[in-house]
Amino acid sequence: MNYLKPKTVDEMLKNIDENPDFYIFCGGTDLALKLKNSSVDGVIDISSLKQFDFITKTDSMIQIGALTTVNTILENHYIENYIVILSDVAKEFASHQIRNIATIGGNIVNDSPVADMIAPLLVLDSTVTLLGSKGERTIPLAELFDGFKSLTLKNEIITTINIPIKKHQHYYRKVGARAKLNISKLSLAMIKSEDKYYLSGTSLNPYTKRFFNVEKLLESGEFNDAMILESLEKDISPSGSFRSTKEYRFQVLLNMIKEGLDGF
Ligand SMILES: Cc1cc2nc3c(=O)[nH]c(=O)nc-3n(C[C@H](O)[C@H](O)[C@H](O)COP(=O)(O)OP(=O)(O)OC[C@H]3O[C@@H](n4cnc5c(N)ncnc54)[C@H](O)[C@@H]3O)c2cc1C
């Protein structure tokens, strides 16, 4: 297997263009499994490009570099003060050792239906900045995903996650079989901002999406359990798996939505 470790961004872009089939390598916590189980031609290790490891704040936005680890997010005072839901997610993410190397960019690009960072970033209306040799572009995070494990990246890396700062209340809960090192059976990320609701969650669709029908229903102010379930039928398509049944996921999600609403 080929291993490249660019020292500069220009070198990285050249490496990507010359080797479009190589995988970007950051913490390697997801990639390690792929390297073990499949034939990977090569990797481009960008972990030493520290310019992509930062958290900054302006009046309207928090920006997180793609190489920022989950533990750095957990310890950051901007996140703790302005985007508490991300701190809550980080607290329940893997183990201390994994959080020390797992990056937010890797979590997004790995694009697993159980990836914990994507749902809270979607409900916060985040955008992502992408960089390739043709230049830089910023797109809504939702537009990065277009199917199960299918992304709209074109020989690009994610450099930055941009999170607008807005006044909001939040609810986050991850349900799994264990208290630690928990892979979610499902999770719910929900915020309320200026009487609008934003909901998303893990393990409920082939790739993580917002629950637009439930959002509209809650905004109307007139709903009951049956109506929420009816809207959920349009928003989610959970599969039954060894982790839990489809029916379980619908019922627990309904309970969590009601618990979240009670707290607002
Ligand atoms: C024991 C264990 C427990 C875990 N627990 C959790 C958990 O609780 N919750 C959870 O969500 N995940 C969990 N994971 C999965 C994993 O740790 C995360 O998804 C992690 O954030 C991936 O980041 P990484 O830097 O290790 O990515 P890598 O493995 O380096 O890369 C993952 C994928 O993203 C691509 N990539 C990485 N960064 C970029 C970038 N900036 N631009 C473009 N492509 C990029 C890579 O090519 C690769 O395809 C766990 C993993 C393990 C091994």
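Values computed for the structure shown
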item	result
About the Cα centre, charge dipole magnitude for the chain (Lys/Arg +1, Asp/Glu -1 at Cβ), debye	600 debye
In sequence order, calculated HN-Hα J values of the stretch 36-46 (Karplus, 6.51, -1.76, 1.60; Hz; x Gly/Pro)	6, 9, 9, 8, 9, 5, x, 10, 10, 7, 9
Under-5 Å amide H pairs with Asp45, H placed in peptide plane, nonlocal only	Leu4, Lys5, Phe25
Per residue value of the accessible surface for the chain (all protein chains in place, 1.4 Å probe), Å²	49 Å²
Amide proton proximity set for Leu186, modelled H, under 5 Å, gap of 5+	Val175
Rg to Rh, two decimals, where the stretch 109-204 supplies the alpha carbon set and Rh follows Kirkwood	1.01
Cleavage-rule hits (trypsin sites (Lys or Arg not before Pro)) in the stretch 1-107: DSSP loop, at most 10 neighbouring Cβ within 10 angstrom	Lys7
Hydrodynamic radius (Kirkwood) for the stretch 50-164, which is based on Cα pairs only, to one decimal in Å	14.2 Å
The stretch 131-260, Cα convex hull volume normalised per residue, Å³	139 Å³
Surface/4 estimate of mean projected area, convex hull on alpha-carbon atoms of the chain, nm²	14.0 nm²
Helix-derived mean residue ellipticity, 222 nm - over the chain, DSSP H n ≥ 4, -39500 (n - 2.57), to 500	-10000 deg cm²/dmol
Bridge type composition, the chain - antiparallel percent by DSSP, nearest 5	85 percent
Share of carbon and sulfur in the accessible heavy-atom surface of the chain [1.4 Å probe, %]	50 percent
Pair Lys50, Lys7: separation of 7 Å Cα→Cβ label points (nm)	1.5 nm
Karplus-derived HN-Hα couplings along the stretch 217-229 (A = 6.51, B = -1.76, C = 1.60, θ = phi - 60°), whole Hz, x at Gly and Pro	4, 5, 5, 5, x, 10, 7, 9, 4, 4, 5, 5, 4
Extension reserve of the Phe264-Asn81 stretch, reckoned as 0.36 nm per residue once the Cα distance is removed	64.1 nm
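The values are calculated or read from the model by the stated rules, or taken from the named source; none is laboratory data. All figures in this text were calculated on a predicted structure; none of them were measured in a lab. Ideal geometry is used to build each Cβ from the backbone, glycine not excepted, and the neighbour counts take in all protein chains shown. Keep in mind that these areas ignore ligands, DNA and RNA; they rest on the heavy atoms of the full protein, side chains included. Shrake-Rupley method; radii C 1.70, N 1.55, O 1.52, S 1.80 Å.
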